[in-house]
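Reviewing the structure listed below.
Since every read-out is calculated from the coordinates, none of them should be taken as a lab result. These figures come from a predicted structure and were not determined experimentally. All Cβ positions, even for glycine, are placed from backbone atoms using ideal geometry, and neighbour counts span all protein chains on display.
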Amino acid sequence: MTMSLEDIKKRFVQEIKLRAYDDRFIDLEEERDILQMAVKEGLTIDFALRALQQVCEANDYVIERLLDEKAKEMLEQFAADGQVDKKEFYDTVAVVAKAAKGRLSKSAIEKKVKAIMEDNGMVARQGLFKGGKWYDEIA
């Protein structure tokens, strides 16, 4: 017996809730798995992405991809002069931390923001004096 479209949609919503149940966080791998399941069940990617976002908003879940997009957008604005300084970096970390709602540690967010910078060819502005190597110290 085949499932109706409504049954498939309900199952999809339950899958999202199950994935985020323990930590209220949908990481990139979980999101990919959820979207693959949706496509296998005959749902479109657009529907699946909208449903994922709606379910997460309704249940106060955080989607890692949206955190990454927010960080990248801020960093691109800051890097308009070619570099991101310490204040701009930590302003980005603070905004992402607020959006993460405590689901990620400050250290994890710093590493995430640094990785986004490196993946997008952005350079950190570091000084020569005390505290000048702040970016290199993020591990």
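Summary table
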| read-out | value |
| --- | --- |
| Cα→Cβ-extended label distance, 7 Å offset, between residue 47 and residue 4, nm | 1.4 nm |
| Using a Förster distance of 25 Å, the FRET efficiency for residue 60-residue 40 (Cβ separation, nearest 0.05) | 0.35 |
| Helix 64-78 vs. the chain, principal-axis angle (Cα, 0 to 90°, nearest 10) | 30 degrees |
| Contour excess over end-to-end distance, with Cα ends at residue 18 and residue 137 and 0.36 nm allotted per residue | 39.1 nm |
| Residue among 123, 93, 62 with the largest mean-square fluctuation in a Gaussian network model of the chain, springs linking Cα atoms under 10 Å | 123 |
| Residue 105-residue 28 FRET efficiency (beta carbon distance; Förster radius 22 Å; 0.05 resolution) | 0.80 |
| The stretch 65-124, Rg to Rh (Cα coordinates; Rh as Kirkwood inverse mean 1/r) | 0.93 |
| Long pairs among 17/86; 9/114; 86/112; 40/98; 106/133; 17/40, criterion Cα-Cα beyond 26 Å | 17/86; 9/114; 40/98 |
| Sparse-neighbour loop sites [GluC sites (Glu not before Pro); the stretch 87-139; at most 14 other C-beta within 10 Å; DSSP] | 137 |
| Spatially proximal aspartates and glutamates relative to residue 87 (Cα-Cα < 18 Å; intrachain offsets below 8 disregarded) | 73, 76, 110, 118, 136, 137 |
| Rel. contact order, % - alpha carbon contacts under 8 angstrom, at least six apart, the stretch 65-124 | 47 percent |
| Projected area, mean over directions - the chain, Cα convex hull, nm² | 9.6 nm² |
| The stretch 60-139: trypsin sites (Lys or Arg not before Pro) falling in loop per DSSP and having at most 14 other Cβ within 10 Å | 101, 130, 133 |
| Restricting the stretch 1-110 to chymotrypsin sites (Phe, Trp or Tyr not before Pro) in coil, as DSSP defines it, with at most 14 other Cβ within 10 Å | 21 |
